[in-house]
1. Below 8 Å between Cα atoms, with a sequence gap of 6+, how large is the relative contact order for the chain in percent?
2. Please state, as a whole number in µm²/s, the translational diffusion coefficient that the Stokes-Einstein equation yields for the range 6-281 at 4 °C and 1.567 mPa s, with Rh defined as the Kirkwood radius across alpha carbon pairs.
3. Treating the angle as unsigned and between 0 and 90°, give the value, to the nearest 10°, between the Cα long axis of helix 259-281 and the longest Cα principal axis of the chain.
4. Which trypsin sites (Lys or Arg not before Pro) in the range 33-78 sit in a loop by DSSP (not H, G, I, E or B) and have at most 10 other Cβ atoms within 10 Å of their own Cβ?
5. Mind jotting down a quarter of the surface of the convex hull over the alpha carbons of the range 60-204, in square nanometres, one decimal?
6. Would you mind checking the tilt of helix 6-15 against the longest principal axis of the Cα atoms of the chain, expressed as 0 to 90 degrees and rounded to 10?
7. Determine, from the Cβ-Cβ distance of ILE111 and GLN197 and an R0 of 25 Å, the FRET efficiency 1/(1 + (r/R0)^6), rounded to the nearest 0.05.
8. Compute the acute angle (0 to 90°) between the alpha-carbon long axis of helix 88-97 and the principal axis of greatest extent of the alpha-carbon atoms of the chain; round to the nearest 10°.
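What follows draws every value from the coordinates through simple rules; no lab data is involved. As the structure is a computational prediction, the values presented were derived from the model and not from experiment. Reconstructed Cβ throughout: ideal geometry from the backbone, glycine too, with neighbour counts over all protein chains shown.
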Amino acid sequence: MLVSAKEMLEKAKAGKYAVGQFNINNLEWTKAILQTAQELNSPVILGVSEGAGKYMCGFKTVANMVSAMIDELKITVPVALHLDHGSYEACYKCIEAGFSSVMFDGSHYPIEENVEKTKELVNVCAEKGLSLEAEVGSIGGEEDGVVGMGECADPDECKMIADLGVTMLAAGIGNIHGKYPANWAGLSFDTLDKIQQKTGVMPLVLHGGTGIPAEMIQKAISLGVAKINVNTECQLAFAAATRKYVEAGKDLEGKGFDPRKLLAPGVEAIKATVKEKMELFGSIGKA
């Protein structure tokens, strides 16, 4: 059964650890992440971008697949199904489809419009018992065609959004999506500290978890980050393992590739990546 991310993130912030959000792109990724979370007794958030939702035949298909998989695999750890960087319209589609959590990314709107739309979604999600993530200050890099330069959020604007009653807040602190360039300046912990002072006990979210050094991750957690998103690292691990299998020329007795065997190395690579991140975030055994 899917749950809101509210309780798991409040526990994480109070306990000084973070819950991992791992984006899913197909059945194999979803299964690998769920099995790893269950094995490690860790709560987990499954992230779905609008592009991934479209690829997997719509949000309703995704919600039904995840719910059925939780049942069939006998998953007992808390699992939230979360829209990642959702538009205003996509949030409503995911609420209707059966997601337990949504993110409204209004960071590209003027702050007044971000507040207005977020406030409406706060009321809708509260009525349905869903968790809601909002964003202030765009995250660098590209996510489903939305490009951000990675600017730092205004702590006062963060407080405006937090005071609306959202469950969690993503605030830009110099983080980016995808691989970090060699000249990346790092996270602005001064900004993060000011945001936490303004938002109090609210769980904060760090997007772009791939490639951030471990010591920065741990410092971010100490300053209120309770949810960390990982996608690119799983993509890279999956692609590398699958490519290695293909390049080895292991076709099955001339019958072509069995997709179950073709994807198996990639699945194991995702499991290893998820385990590594859960260890770093401190969520193992916290279900």
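1. About 22 percent, as a whole number.
2. Diffusion coefficient, whole number: 68 µm²/s.
3. Roughly 40 degrees between the two axes.
4. LYS74
5. Hull-based average projected area comes out at 9.7 nm².
6. For helix 6-15, the angle is close to 80 degrees.
7. Details: r = 19 Å, r/R0 = 0.76.
Efficiency for this residue pair is about 0.85.
8. 60
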